[in-house]
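The structure appears below as structure tokens.
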């Protein structure tokens, strides 16, 4: 029912010492976020969400977050040099690949392989290499979290740590929100 | 390591035909959201998040979302009559119980049993009745989603539907966000 | 063309040592913000905006910000006792009057005199006592600021201070926003 | 006390048929917004605010909104070609000039003339050509509106239309906000 994910075609990587490939990440859950640096929806929603996802999962071996710069318009503006400055200014820390340009058309190679409709696109690939989610546009944080938690629970984990404890130990559940404290509670 | 959840003590219920109890919900994952109607952090963050959670899970048999009005200050202002108007105006649809007032002190009974520090407080109880999360203040959507997805995946499900498909079929993953469409993509 | 503002009918005042009246404030520009404590649009937008307006103008003699609790529904829930707790929890510091209930109908006296359609309603009265703005719903900050600045400039001011300097000296123009600093700029 | 504004040095204009100069706009109030297309604070706050300002004032002869692309870092990324794509994607409609690069240093000519500290910077020039506001970082909508309204009221206007009416006739004061309507109010 779900399709096997095709391989990435990337010409340049940022934020990673070694090139990444889906084959090389076999067995892991992969969040692939396709964006363009001049896409307002990516800048306002998609990329901040992807960065938060990366920070939530970066110490876990079972989930990997990857960005993909799928330039299909304004090619002269969104060069790798421009992307590098963008990554620096927006403090993005997850691995980001530049989708390989196609010689004959505007849409780059990986974008076409995955049949993406535009940016932002969020694709979730399970441990068996199958596409279990392919969403164009804004993705809800809660629904995305539930999906990833569900998938991650199905992956046999090598470490004994409970994932639930791990997430909340990082403080995600104790953010500095406005709260009502009772004067009588110490 | 994790504590068994004590039972709720509720004097009045809204948005449910029958009183709820943790014992009666045994085997399910429970999200218990304690709030006060005049707590700014609850109104701005906690309650909208709880409502979204309820809508995400309301058709699933394995996760139940419950609100608890734990009045520990301004008792004359936050009466059940006032709460009913509040629930109506804020369009809250999940079950909400009024925590039983204590005759001798400001903090109500359930709030004390759970050792809550204030409002908003979000407590997650797993299928075995144990408290796996107890968070005071604002809770991150992504981290909360991952935790619930993980717990839900560990519960044996009676229906054959894949949870991942179900969530995204409801449109949570295709919200009307600003996106960049390519003129050359149909 | 613009109507003369009718007088307020208020039964109880908060955040002011003395009762206020439009007659007593003659010559000043008055921002009258009508709200209900259980109105979501008031809590999310109208009241925070009114509080910011009050803080912006509180040291100026020419503009006065007044809140009016115009309860026209859920009367048993939105009592003066409940309002007092609400004002405390939401840290509202501008003067707030309770609109006088009408013996025969749900809509209170001042609300009817001003022909308000609901809450939130923002009414601007100029120095001549005329209604120059009567807005139901969310009001844009920029447009509201321009209107008030324009009106204030038409009022003869007793002090010699430039209003422009005063506002910005309070730091409103140097908020702690994310900015790009150049490494070469000291 | 306030300094005379130096002239702009611009190499390329967008969104205007003719080059603009402060000298040529003498007598008008000018909002000069300096930004960089890869500056997160500009994209999130400064540019949307400037666009809203432009739309609020575009039919008035007394206030002119001008953007200035003051590239002082990542020069290879923020070229005029890239800026053109950015303006298109972000739907910016106000006139935008490219600050003239300096042969000897990173900071462009106009940015240096105005002694700007970084981006975003908002500068307000009154009808007499003097700098009455010079703000680095995020600027508050209300305070900015009050300042512009005050300045505009001091400029003799050639048309007879009341500015207050004009702004609100455009709907800025009647945005579709969540409001509480009374069932008994028609």
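Bear in mind these aren't lab numbers, they're just calculated from the coordinates by the rules spelled out. A quick note: this is a predicted structure, and the numbers were derived from the prediction, not measured. Please note: Cβ atoms are built from the backbone with ideal geometry, for glycine as well, and neighbour counts cover all protein chains shown.
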Which of the three applies to the stretch C:90-134, rounded, prolate or oblate, going by the alpha-carbon gyration tensor with a ≥ b ≥ c and a/c under 1.5 meaning rounded?
oblate
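For a footprinting-style exposure proxy, rank D:119, D:16, B:150 by other Cβ within 10 Å, fewest first.
On the way: D:119 28, D:16 12, B:150 23.
Neighbour counts put them in this order, fewest first: D:16, B:150, D:119.
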Yeah, the stretch C:41-110 with a ≥ b ≥ c from its alpha-carbon gyration tensor (a/c under 1.5 is rounded, else prolate when a/b outruns b/c, oblate otherwise) is prolate
At residue C:101, label 7 Å along Cα→Cβ: distances to the other copies, nm, ascending?
2.0, 7.3, 7.4
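Give the order of B:146, C:139 when sorted by the count of other beta carbons within 10 angstrom, beginning with the fewest. Walk me through the intermediate numbers first.
Details: B:146 33, C:139 25.
In increasing order of surrounding Cβ atoms, one gets C:139, B:146.
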Run through the other copies and list how far each one's label point is from that of residue B:20, in nm with one decimal, shortest first; the point sits 7 Å from Cα along Cα-Cβ.
3.8, 4.3, 5.6
For the stretch B:59-124 and the stretch A:1-48, write down the distance between their C-alpha centroids in whole Å.
43 Å
Taking the label point 7 Å from Cα in the Cβ direction, how far apart in nm is residue D:115 from each other copy of itself, listed shortest first?
5.3, 5.9, 6.2
Work out the mean other chain Cβ neighbour count within 10 Å for the residues of D:85-91 and drop it here as an integer.
5
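Can you classify the stretch B:1-129 as rounded, prolate or oblate using the Cα gyration tensor, where a ≥ b ≥ c are the square roots of its eigenvalues, rounded means a/c under 1.5, and otherwise it's prolate if a/b beats b/c and oblate if not? Don't skip to the end; give the middle numbers.
Details: a/c = 1.59, a/b = 1.17, b/c = 1.36.
The shape class here is oblate.
Could you work out, residue by residue across B:114-121, how many beta carbons of other chains sit within 10 Å of that residue's beta carbon, and then give the average as an integer?
Details: counts 0, 1, 2, 5, 5, 4, 4, 1.
Across the residues of B:114-121, the mean count of other-chain Cβ atoms within 10 Å is 3.
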